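One structure below.
The values are calculated or read from the model by the stated rules, or taken from the named source; none is laboratory data. Just so we're clear, the structure is a prediction, and the values are computed from it rather than from any experiment. Virtual Cβ from ideal backbone geometry, glycine too; neighbours counted across all protein chains shown. These area figures cover heavy atoms from the full protein model, side chains too; ligands, DNA and RNA do not enter into them. Shrake-Rupley method; radii C 1.70, N 1.55, O 1.52, S 1.80 Å.
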Amino acid sequence: MSFFIRMAQTRTGAERLLEAQILAVLEQCDFLDARPEADQSFMDRDSFLPSAIQRHHQLLTPALQLIDVMLATLSNKHGTLVHQVLQDHIRSPTSLTDRHFIQALQFLTSHSATFTILLKDDSDCVPLAFLEEIHLLVTLSANVLPIVPKSALLSSNSGFGAVHAAILALAARSLGNRTWFASVLPQTDVEAQWVKEPAFGYGSQTKFEVRAWRREQILRKSIIVYLGCASDFTENEITLVLSPITTAQMRREDQTISQYLATIPTVGDAISAVNSLSIELSRILKQIADFGAEVASRDQIAVDKITDIVPDIHISLLQELDVVQKRQLISEEFANVRRLAIRDARVLLDTTEMLLLLLWRHIQHYASATAALPAPSASLSLSSLYNSSKPQNPMNATMRLLSSPDPETFKEDVIRRLGPVLMKLEGLDLKTASCHLKTLLNKLIHCVCRALRFTVKAKRTLK
């Protein structure tokens with residue numbers, strides 16, 4: 001599988017794998033469905049054999065990586081187009097779809113039961129590999145989502161509709177929470193070693209905690225990308241994926257929240273997520289500024305703590321270096337930490353941009369007069385949705401089964417909750433950040449604030 005993944009990183013190699021029907025083979029692999037029941041056995045590293053969960057991860061992760069790499073390499077411009085009616089989906093028999101996207105969708109559909117269980121796993125303690133599996137699965141689902149008919153997403157018990165519902169439920173329980181899981185625990189010997197090693201530049205955090213944080217940020221970005229794809233937030237008419245509730249949902253330990261609402265992310269969850277992103281951005285930008293200043297004053301760098309800064313180099317080698325060489329070594333480490341921080345900031349900025357766009361489109365809808373229309377009758381059916389003189393979006397009709405907010409009340413709630421968050425974003429110190437980050441964030445906040453003012457027609461100014 002490692003060879004196939006490397007091979008799929010080139011267009012020629014990906015095309016050869018596609019011709020060899022590797023996606024169809026993976027679709028028929030039963031071992032991918034042999035996921036063990038949830039337990040904490042992965043924490044026991046005294047056993048000679050890896051835990052059952054770890055062994056399943058070693059089977060599932062390469063398969064998901066291979067398909068994600070093939071889709072990324074071939075993109076949606078691949079020349080092999082076929083006429084095919086998707087099984088169990090309503091689709092025009094004359095539609096043209098790329099073969100690799102169809103096969104990837106069939107792969108997800110064939111293993112949807114296993115993937116749904118994986119996505120619905122809300123254990124407090126999870127291994128680091130679990131975050132990677134979820135990220136790969138959500139990314140794959142977002143890639144194939146454009147070829148899935150909207151009607152197929154209504155079937156939440158089978159096929160891709162079950163995967164879609166599970167991703168929405170994952171977003172509902174995680175989007176508004178800064179801490180997604182109570183604890184991410186080490187699984188391998190290498191991860192156990194990371195727990196013992198402090199991460200330079202990250203205060204008291206260990207290398208394992210920093211890696212877990214980065215995995216969580218990438219996972220959050222993939223979930224928001226999926227929500228954006230599901231909502232068609234760049235189109236004139238969106239598909240609603242956020243409910244109109246303006247307060248963040250309670251954590252899953254609170255049993256007072258209804259199970260139905262807990263499966264749908266809310267506008268309040270999205271606002272809380274923007275607030276969390278602003279906090280993380282503030283910390284990252286300060287880190288970028290601090291290490292940028294250290295690199296700029298290279299000649300004044302203290303060398304007495306060099307063993308803490310570069311612990312991977314043996315102390316006997318460090319003792320042979322003069323002061324200038326030690327400063328050069330420390331300066332390079334400062335620069336490496338700063339580069340990683342800039343990369344983290346770009347991930348957070350991309351996530352913030354997509355989330356604000358998603359939030360604005362939903363606010364625009366719920367603040368309009370049409371949002372206050374009566375909910376559909378209890379006799380609503382798929383046939384009525386498609387056979388009426390003016391067909392409705394079935395996902396929007398389903399969302400309207402929730403109580404519709406009063407537009408004016410909704411506007412006031414949004415202004416009260418989102419205003420301070422946007423001001424916090426605007427207050428970020430970008431003077432010492434890279435020019436790319438400064439320009440991007442300034443344009444982003446300016447556009448969203450202007451759109452929000454126009455949408456809610458606020459009397460007071462949101463900076």
Which one of these is under 15 Å from Leu227 (Cα atoms), surrounded by 19 or more Cβ atoms within 10 Å (Cβ to Cβ), at pLDDT 85 or above and in contact with a helix residue (DSSP H, G or I) (Cβ under 6 Å, 6 or more places away or on another chain): Leu131, Leu170? Leu170
Considering only residues that are in a helix (DSSP H, G or I) and either touching a Gly at 6+ places or on another chain (Cβ under 6 Å) or of a type in the set (S, T, N, Q) (or both), which ones fall in the stretch 105-136? Gln106, Thr109, Ser110, Ser112, Thr114, Thr116
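Each row is one residue, and each column tells you yes or no for (1) under 30 Å from Pro244 (Cβ atoms); (2) modelled with pLDDT of 85 or more; (3) open to solvent by 50 Å² or more (accessible area, probe 1.4 Å).
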residue: Arg298; (1), (2), (3): no, no, yes
residue: Ile301; (1), (2), (3): no, no, no
residue: Asp308; (1), (2), (3): no, no, yes
residue: Arg338; (1), (2), (3): no, yes, yes
residue: Arg346; (1), (2), (3): no, yes, yes
residue: Asp350; (1), (2), (3): yes, yes, yes
residue: Leu356; (1), (2), (3): yes, yes, no
Report yes if Ala230 is small (Gly, Ala, Ser) and at pLDDT 90 or above, otherwise no. yes
If only one of Val190, Val210, Val163, Val184 is out of contact with any strand residue (DSSP E or B) (no Cβ under 7 Å at 6 or more places or on another chain), surrounded by 21 or more Cβ atoms within 10 Å (Cβ to Cβ) and either of a type in the set (Val, Ile, Thr) or at pLDDT below 85 (or both), which one is it? Val163
Against the definition (farther than 17 Å from Leu175 by Cα and in a helix (DSSP H, G or I)), how does Asn336 come out, yes or no? yes
